[in-house]
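To start, the structure itself, in structure tokens.
The values are calculated or read from the model by the stated rules, or taken from the named source; none is laboratory data. Note that the structure is a prediction, hence the values are computed from the model and not measured. Ideal geometry is used to build each Cβ from the backbone, glycine not excepted, and the neighbour counts take in all protein chains shown. Accessible surface areas use protein heavy atoms only, side chains included; no ligands, DNA or RNA. Shrake-Rupley method; radii C 1.70, N 1.55, O 1.52, S 1.80 Å.
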Amino acid sequence: AQSVSQHNHHVILSEAASLELGCNYSYGGTVNLFWYVQYPGQHLQLLLKYFSGDPLVKGIKGFEAEFIKSKFSFNLRKPSVQWSDTAEYFCAAPLGSARQLTFGSGTQLTVLP
Amino acid sequence: DTGVSQNPRHKITKRGQNVTFRCDPISEHNRLYWYRQTLGQGPEFLTYFQNEAQLEKSRLLSDRFSAERPKGSFSTLEIQRTEQGDSAMYLCASSLEGAGSYGYTFGSGTRLTVV
């Protein structure tokens with residue numbers, strides 16, 4: 001079945017640590033992948049998206065993600081996290097019958113000051 | 001245009017009552033989506049509109065749920081005879097049709113608590 005999965009439910013890091021959040025997808029055809037972030041009390045915001053071309057995608061706030069087709073992965077990375085990065089992060093793909101976005105279960109990131 | 005607006009922000013209702021939520025999308029966006037999010041889960045798709053036409057409904061959208069988007073502008077989501085299991089955050093999003101349309105803009109959501 002087509003799916004997007006995130007296996008890290010909760011990640012705790014200290015400030016300045018490097019971050020990598022996993023996202024795996026299972027579907028064929030044209031691959032489009034997204035990362036969204038939800039800061040405490042705020043709405044979902046688009047961090048970055050992959051449509052085609054360069055597999056290394058840069059987003060806002062210093063985040064980047066790499067599309068690795070052979071691994072069916074689209075992991076989110078940041079070299080040095082800040083306390084303000086504490087949020088929930090969602091990977092998503094247009095898997096619906098009408099290609100509406102389907103979200104993973106999310107990863108809660110807590111950055112300790 | 002300041003983004004997608006949802007009202008109310010919070011709604012507490014007694015089991016069995018009807019509730020209605022409103023979403024005002026970004027004015028030039030012709031696609032509008034409703035999602036539901038429960039604690040510890042990602043948003044789950046409920047339904048979407050292209051202009052005024054409701055084109056897709058999830059199996060999550062039981063007969064007690066109905067959504068409308070008259071004139072292709074704002075949308076309403078009504079839940080009839082609410083149940084405790086309906087307690088969740090209801091999210092609205094909008095997008096432009098086309099290759100770049102998947103950059104949804106989300107509203108802040110309406111949190112429903114059924115007591």
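Numbers at a glance
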{"read-out": "Test: residue in segment A:24-46 that is within 14 Å of chain B (Cβ to nearest Cβ), closer than 25 Å to A:Gln2 by Cβ and in contact with a Gly (Cβ under 6 Å, 6 or more places away or on another chain)", "value": "yes"}
{"read-out": "Filter result (assigned to a loop (DSSP other than H, G, I, E, B) and under 16 Å from A:Tyr39 (Cα atoms)) within segment A:65-97", "value": "A:Val81, A:Gln82, A:Thr86"}
{"read-out": "Tabulated pairs, segment A:6-28, first open to solvent by less than 30 Å² (accessible area, probe 1.4 Å), second charged (D, E, K, R), C-beta under 7 angstrom, 6+ apart or interchain", "value": "A:Leu19/A:Arg77; A:Leu19/A:Lys78"}
{"read-out": "Per-region count, segment A:97-112, residues facing chain B (nearest Cβ under 9 Å) and under 15 Å from A:Ser5 (Cα atoms)", "value": "7"}
{"read-out": "Residue list for segment B:97-115, restricted to those being at pLDDT below 95, outside any loop (DSSP other than H, G, I, E, B) and either within 7 Å of chain A (Cβ to nearest Cβ) or exposed (fewer than 14 other Cβ atoms within 10 Å of the Cβ) (or both)", "value": "B:Phe106"}
{"read-out": "Test: residue in segment B:54-64 that is within 10 Å of the chain's Cα centre (by Cα) and closer than 25 Å to A:Gly104 by Cβ", "value": "no"}
{"read-out": "Residue within segment B:63-84 that is within 30 Å of A:His10 (Cβ to Cβ) and modelled with pLDDT of 95 or more present", "value": "yes"}
{"read-out": "Among residues of segment B:16-69, those that are out of contact with any helix residue (DSSP H, G or I) (no Cβ under 6 Å at 6 or more places or on another chain) and not in a strand (DSSP E or B), counted", "value": "23"}
{"read-out": "Any hit, segment A:31-51, residues being over 17 Å from A:Thr110 (Cβ atoms) and loosely packed, with under 12 Cβ neighbours inside 10 Å", "value": "no"}
{"read-out": "Number of positions in segment A:48-64 that are in a strand (DSSP E or B) and more than 19 Å from A:Leu95 (Cα to Cα)", "value": "4"}
{"read-out": "Selection count, segment A:95-113, where residues are surrounded by fewer than 19 Cβ atoms within 10 Å (Cβ to Cβ) and closer than 23 Å to B:Glu56 by Cβ", "value": "5"}
{"read-out": "The lone exception for A:Leu56 - which of (1) modelled with pLDDT under 95; (2) surrounded by fewer than 13 Cβ atoms within 10 Å (Cβ to Cβ) it fails", "value": "(1)"}
{"read-out": "Some residue of segment A:65-88 being within 14 Å of another protein chain (Cβ to nearest Cβ), under 16 Å from B:Gln37 (Cβ atoms), open to solvent by less than 60 Å² (accessible area, probe 1.4 Å) and not small (Gly, Ala, Ser)", "value": "yes"}
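Okay, residues lined up against (1) surrounded by 18 or more Cβ atoms within 10 Å (Cβ to Cβ); (2) not aliphatic (A, V, I, L, M):
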residue: B:Thr20; (1), (2): no, yes
residue: B:Thr38; (1), (2): no, yes
residue: B:Pro43; (1), (2): yes, yes
residue: B:Thr47; (1), (2): yes, yes
residue: B:Ala53; (1), (2): no, no
residue: B:Thr76; (1), (2): no, yes
residue: B:Ser95; (1), (2): yes, yes
